[in-house]
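Colleague: After the structure tokens below, expect a handful of questions from me.
The values are calculated or read from the model by the stated rules, or taken from the named source; none is laboratory data. Because the structure is a prediction, the values reported are computed rather than measured. Quick reminder, even Gly has a Cβ in these numbers, built from the backbone with ideal geometry, and neighbours come from all protein chains shown.
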Amino acid sequence: MKSNSTQDVILNPETLPSHVAIIMDGNGRWAKKKMLNRIKGHEQGSQIVRSIVTAARELKIGTLTLYAFSTENWARPKHEVKALMMLLKKSIVSQREELSKNNIRLNIIGQKHKLPLDVQKELEVTMELTKNNNKMLLNLALSYGSREEITTAFKRIAEKIESKDLDSRDITQDLICDHLYTRAMPDPDLIIRTSGEYRLSNFLLWQAAYSEIYICDTLWPDFTESEFIEILKNFQKRDRRFGKVACSTSNDG
């Protein structure tokens, strides 16, 4: 059953982004504003994840990528990292059947091997359960950093050149894409960042070459389906030229 906010939405399906990526920022500041523990902000943020995943699925967005935990986040206080991993595990288990029911496939991009073993296990169970789902791909960026991703890709290419499986002349943009975590996926058409920060924070740097970027001041725990829909409407009004000149009958030059 569709949620109330997406039932009567008028969006042109032909110009919807096929891949939306979101930098979910502001959990800690949300908690601070309310004089709560930072973990309470992360808990509220996890509930927003659930509603936005549902909305994206109902709107028939093919791929949704959520920046959940960066390589830099490991430097946070140990008690916060531990709490985040426990929350991640709880969310994966609690939403497993819902993902399956809604025909959503879960995928992880990032250094999955650095996550706690119990978290890895639950992720593997959910990915196996949903591997044949085909209505939406949900990417969770976990222990993810774009510079690390690109560095790892070049190391793998270099190893193939050393083993004579590749020649340096074989290196193309497509070859590099095939060695990234996002291989076989479309680049994000739209990247949304909440909390008003104007930076990509080491997120999908290669893939974002021609992404439309939308910054909103809303802290992630206050982000709503309605705001998500308004951002999609804004995206549909943008003129995406990919470096080309728009066609015109004018003689202005």
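Colleague: What tally of residues in segment 97-108 results from selecting those that are out of contact with any Lys or Arg (no Cβ under 9 Å at 6 or more places or on another chain) and surrounded by fewer than 17 Cβ atoms within 10 Å (Cβ to Cβ)?
Modeller: Counting residues in segment 97-108 that are out of contact with any Lys or Arg (no Cβ under 9 Å at 6 or more places or on another chain) and surrounded by fewer than 17 Cβ atoms within 10 Å (Cβ to Cβ) gives 3.
Colleague: Here is a follow-up. Among (1) crowded, with 21+ Cβ neighbours inside 10 Å; (2) over 20 Å from MET127 (Cα atoms), where does ALA75 come up short?
Modeller: (1)
Colleague: A further question follows. Out of all the residues in segment 155-162, is one or more aliphatic (A, V, I, L, M) and within 30 Å of LEU16 (Cα to Cα)? Please lay out each step first, then the result.
Modeller: Filtering segment 155-162 for residues aliphatic (A, V, I, L, M) gives 157-158, 161.
Still in the running and within 30 Å of LEU16 (Cα to Cα): none.
Taking every residue of segment 155-162 in turn, none turns out to be aliphatic (A, V, I, L, M) and within 30 Å of LEU16 (Cα to Cα).
Colleague: Further, regarding this structure: Give me the pairs: first residue in segment 14-36 and at positive phi, second residue assigned to a helix (DSSP H, G or I) and not hydroxyl-bearing (Ser, Thr, Tyr), beta-carbon distance under 6 Å, and six or more apart or on different chains, which are they?
Modeller: GLY26/TRP220
Colleague: Going by the conditions given, is ARG193 of a type in the set (Lys, Arg), closer than 15 Å to HIS19 by Cα, in contact with a Cys (Cβ under 8 Å, 6 or more places away or on another chain) and in contact (Cβ under 8 Å) with a residue 60 or more places away in the chain? Steps first, answer last, please.
Modeller: Details: of a type in the set (Lys, Arg): yes; closer than 15 Å to HIS19 by Cα: yes; in contact with a Cys (Cβ under 8 Å, 6 or more places away or on another chain): yes; in contact (Cβ under 8 Å) with a residue 60 or more places away in the chain: yes.
Criteria met by ARG193.
Colleague: Of all the residues that make up segment 95-147, how many are without any contact (Cβ under 8 Å) to a residue 60 or more places away in the chain and among the small types (Gly, Ala, Ser)? I'd like the intermediate steps shown before the answer.
Modeller: As a first pass, look at segment 95-147 and keep what is without any contact (Cβ under 8 Å) to a residue 60 or more places away in the chain: 95-108, 111-134, 147.
Pick out the ones that are also among the small types (Gly, Ala, Ser) and you get 100.
Residues flagged as without any contact (Cβ under 8 Å) to a residue 60 or more places away in the chain and among the small types (Gly, Ala, Ser) within segment 95-147 amount to 1.
Colleague: Right, something else. Return the residues of segment 70-96 that are more than 19 Å from the chain's Cα centre (by Cα) and either closer than 21 Å to LEU138 by Cα or in a helix (DSSP H, G or I) (or both); say none if nothing qualifies. Please lay out each step first, then the result.
Modeller: Our first condition is that a residue be more than 19 Å from the chain's Cα centre (by Cα); within segment 70-96, this holds for 75-83, 86, 90, 93-94.
Those that are more than 19 Å from the chain's Cα centre (by Cα) and either closer than 21 Å to LEU138 by Cα or in a helix (DSSP H, G or I) (or both): ALA75, LYS78, HIS79, GLU80, VAL81, LYS82, ALA83, MET86, LYS90, VAL93, SER94.
Colleague: Another question about this same structure. Counting just the residues of segment 225-246 that are within 18 Å of ILE191 (Cβ to Cβ) and among the charged types (D, E, K, R), which one comes out surrounded by the fewest Cβ atoms within 10 Å (Cβ to Cβ)?
Modeller: ASP239
Colleague: Here's a follow-up. Inside segment 212-239, can you point out the residues that are part of a loop (DSSP other than H, G, I, E, B) and either in contact (Cβ under 8 Å) with a residue 40 or more places away in the chain or under 25 Å from ILE109 (Cα atoms) (or both)? Steps first, please.
Modeller: Going through segment 212-239, the residues part of a loop (DSSP other than H, G, I, E, B) turn out to be 216-219, 223-224, 237-239.
Passing the criteria: CYS216, THR218, LEU219, PHE223, THR224.
Colleague: Could you figure out which of (1) more than 30 Å from ILE231 (Cα to Cα); (2) assigned to a strand (DSSP E or B); (3) of a type in the set (A, V, I, L, M, F, W, C) isn't true of ALA158?
Modeller: It fails just one condition, (2).
Colleague: Being within 19 Å of ALA141 (Cβ to Cβ), surrounded by fewer than 10 Cβ atoms within 10 Å (Cβ to Cβ) and without any contact (Cβ under 8 Å) to a residue 40 or more places away in the chain is true for just one of ALA184, ALA209. Which residue is that? Break it down into steps so the answer makes sense when it comes.
Modeller: On the way: ALA209 fails: surrounded by fewer than 10 Cβ atoms within 10 Å (Cβ to Cβ).
After applying the criteria, what remains is ALA184.
Colleague: Quick one: what pairs do we get from segment 41-69, first residue closer than 20 Å to SER18 by Cβ and part of a helix (DSSP H, G or I), second among the acidic types (Asp, Glu) and modelled with pLDDT of 95 or more, C-beta under 6 Å, 6+ apart or different chains?
Modeller: Taking only residues 6 or more apart or on different chains, the pairs are ALA55/GLU225.
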